[in-house]
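S.K.: Take this structure, written in structure tokens, and hold onto it; I'll ask about it next.
Bear in mind these aren't lab numbers, they're just calculated from the coordinates by the rules spelled out. What you see is a predicted model; the values in this text were computed from it and never measured. Note that we place each Cβ from the backbone using ideal geometry, even for glycine, and neighbour counts take in every protein chain shown.
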Amino acid sequence: MRVLFVYPNLYTQMGFNHGLAALSAVLKRAGHETRMVNLNENLPPVPTDDEIVAQVRAWRPGVIGFSCLTMQYTEALRIARLLRARAEAEGFALAPLVVGGVHPTMVPESVMADGVWDHVGVGECEDALLQLVTRVERGERPSDVPNFLSWKDGVRPSAAEQAPVSETHWIRNNVGEFPDYAALPLPDYELFDTARITAQKHGWFGLMTSRGCPYRCTYCLNHKIVDRYRDELGRGTSQLGFFRFRTPAQMMEEIRFVLARYPDVGTFILDDDLFTLNAEHAIAFSKAYKEAGFKVPWVVNSHVNRLDPVMAKAMAEGGCKILKLGIESGSERVRREILKRFMSDDDILETVRVADAVGLHSSGFVMVGLPYETHDERWQTVDLLARSLIGRFRTSIFFPFPGTESHQLSIQGGFVDPAKAGTLTDFTASSCLDFGADENLFVEKLATCMPWFVNARAARHHEFPAARRYQPIVTEVLALDRAGWEAFKPRVRELDREVAAAAARARELHYSIRFNAFMGVRSDFYLAEEAGVEWLTAAAKPVPERLRALALAAAAEEVC
């Protein structure tokens, strides 16, 4: 059977969807044929409505599957309604419409109540979707497939019956077992325009070696998924098999395949929720990668409390380049009470120190505009970054995903602006939370200019000559009213380049906005990269010990 995937990935981060690649691979292994409509403005031309309908009519898929985050759901729903309307108006048979992904998993009843979908998938659906497609291919109208909400007797209510649609119209099936991750086939990289995506991402290529995370951060969906599987399978969390790994041998085979097919790969980013969860797995992968002789550096997601020096050293020796850490807030109270991230400032500082000591470039995720966070606590995030001298940091404006605990907290606190809640298309530069005009403006300034704020405050914690360059700029930014800020904001990247260039000429350590609009990168790293100097050589000593002697990279100089 033919299965058409639709990925409405507009106006958000452009990239590869591991879930769709896995689903397609499982279907192809069973003999089915797959294609995808990938809507992303970074991969033009974006298919028009007429082109999407024409492809459905010409290819005649037996199932049409959508995958979406919350910000993508509005477009997914629009396309689904378009297909139903055009099929009715033009008299062609429309295949069952199936939707899955993060948003349907978190709020499946709300999605089903929209009345347009035949099946709504919950959780990890590789096994379930194959079963659903097989049943549809046999001419059945399945309503009892695990992991899916489906209409009773497999029949979607008529338009007249859909006012309103309620849970009396559908069946909510319990989830099945988590798929055996090691038994899944190689992801279907050909489903995407992977070569063009890799080029757009400057050679960065996503892989996954594991699934699962033990933490229960309020802004994440993992704990909600685990709770659903635990309740519906009737087993404790430890008996669910949530934490799964592909063997180092499997990963080396996959990497050889990728490098042979996509020679422009320059960095592997391991998109595991928590690569360092299992030290044995992390060390084994690192050793296998080194023994395989691969020269492409790699990047991982870690946790402040899940990195020991032995593991860090093995990863660095195995070619790991960047260690990504979820810091989220500089306030211990906010991390503990609002986010359920139980780690101290000292834990964060020590992990950055360990990473830096072995030559791992540390990277922190931080969020601004968190619910119940005070103005002073937002400044604490700036100060923690300044104290740590972390290698880089990525700043996002907090986005509460429906179905998460943080979303409920935001609603209970009266922070959610209903007029904005359904209109946002990204989760890095906008939020549906409202803290009042003045604080909203401050949050936006922090998100846009975080490297400047960190540079200006670093002198409170270290000898940091570059601070004097950035303090007047930060003072100016803070004084701007909304109109002044809107006029100033388009100049941020240009001004950043000018001031960073001056700091570099003076050989002053600093952070600059690099690679994208929300990333601040420490100068020794980005200058070494631009000059073609190996950063590991530059990082022979922890940063605080070499501040005075830092010599920044130039085309004919070595970073020391």
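S.K.: Going by alpha carbons, how many degrees (0 to 90, nearest 10) lie between the helix axis of 345-358 and the longest principal axis of the chain?
M.R.: 80 degrees
S.K.: Right, another one. From the square roots a ≥ b ≥ c of the eigenvalues of the alpha-carbon gyration tensor of the stretch 2-182, which class results: rounded (a/c under 1.5), prolate (a/b over b/c), or oblate?
M.R.: It is rounded, given that a/c, with a ≥ b ≥ c, falls under 1.5.
S.K.: Determine the relative contact order of the chain: mean sequence separation of Cα pairs under 8 Å and six or more apart, normalised by residue count, in whole percent.
M.R.: Relative contact order comes out at 10 percent.
S.K.: Here's something else I'd like to know. Could you give the dipole magnitude of the stretch 2-182 about its Cα centre, charging the beta-carbon of Lys and Arg +1 and that of Asp and Glu -1, in debye to the nearest 20?
M.R.: Taking the Cα centre of the stretch 2-182 as origin, the dipole is about 360 debye.
S.K.: How long is the gain from GLN200 to ASP144 if the chain were fully straight, where each residue apart is worth 0.36 nm and the alpha carbon distance is subtracted?
M.R.: So the chain would gain 16.0 nm between GLN200 and ASP144.
S.K.: When the chain is fully extended, how far beyond the present Cα-Cα distance does LYS295 get from GLU41, taking 0.36 nm per residue of separation?
M.R.: Gain on extension, LYS295 to GLU41, equals 88.2 nm.
S.K.: How high is the relative contact order of the stretch 369-472? Use alpha-carbon pairs under 8 Å, at least six apart in sequence, and give a whole percent.
M.R.: For the stretch 369-472, the relative contact order is 31 percent.
S.K.: Follow-up. Helix 49-59 sits at what angle to the longest principal axis of the chain, using alpha carbons and giving 0 to 90 degrees rounded to 10?
M.R.: The two axes meet at around 50 degrees.
S.K.: With a/c under 1.5 counting as rounded, go ahead and sort the stretch 372-531 into rounded, prolate or oblate using the C-alpha gyration tensor (a ≥ b ≥ c being the square roots of the eigenvalues; past the cut-off, prolate if a/b is larger than b/c, else oblate).
M.R.: prolate
S.K.: Can I ask one more? Any idea how far apart ALA93 and GLU109 come out in nm if each label point goes 7 Å out from Cα toward Cβ?
M.R.: Those two pseudo-labels are separated by 3.5 nm.
S.K.: While we're looking at this one, here's another question. Return the distance in nm (one decimal) between the two label points of a simple spin-label model at ARG491 and ILE411, each offset 7 Å from Cα along Cα→Cβ.
M.R.: 4.4 nm
S.K.: Report the antiparallel proportion of the DSSP beta bridges in the stretch 2-182 as a percent, rounded to a multiple of 5.
M.R.: Once the DSSP bridges in the stretch 2-182 are tallied, antiparallel ones form about 25 percent.
S.K.: Something else: How large is the dipole of the chain about the Cα centre if only Lys and Arg carry +1 and Asp and Glu carry -1, each at its Cβ, rounded to the nearest 20 debye?
M.R.: 720 debye
S.K.: Right, another one. What's the longest piece of the chain with no exposed trypsin sites (Lys or Arg not before Pro), counting a site as exposed if DSSP puts it in a loop and it has at most 13 other beta carbons within 10 Å?
M.R.: 296-459
S.K.: Only bridges whose two residues both fall in the chain count here: according to DSSP, what percent of them are antiparallel, nearest 5?
M.R.: Once the DSSP bridges in the chain are tallied, antiparallel ones form about 25 percent.
S.K.: Same structure again: Whole Å is fine, so just give me how far the alpha carbon centre of the stretch 196-212 lies from that of the stretch 213-272.
M.R.: 14 Å
S.K.: Can I ask one more? Using only alpha carbon pairs under 8 Å that are at least six residues apart, calculate the relative contact order of the stretch 325-380 and give it in whole percent.
M.R.: So the answer I get is 53 percent.
S.K.: How far is helix 70-90 tilted off the main Cα axis of the chain, in degrees rounded to 10, range 0 to 90?
M.R.: In the chain, helix 70-90 runs at an angle near 30 degrees to the longest axis.
S.K.: Let me ask something additional. Between beta-carbons, use under 13 Å as the cut-off and find the net charge around SER110, counting Lys and Arg +1, Asp and Glu -1.
M.R.: Once positives and negatives cancel, what remains is -2.
S.K.: Something else about it: Return the calculated 222 nm mean residue ellipticity for the chain, to the nearest 500 deg cm²/dmol, obtained by summing -39500 (n - 2.57) across DSSP H runs with n ≥ 4 and dividing by the residue count.
M.R.: About -12500 deg cm²/dmol.
S.K.: Distance from the Cα centre of the stretch 77-149 to that of the stretch 328-344, in angstrom?
M.R.: 38 Å
S.K.: Then there's this: Label points 7 Å out from Cα along the Cβ direction at HIS462 and ALA30: separation in nm?
M.R.: Calculated label separation equals 5.3 nm.
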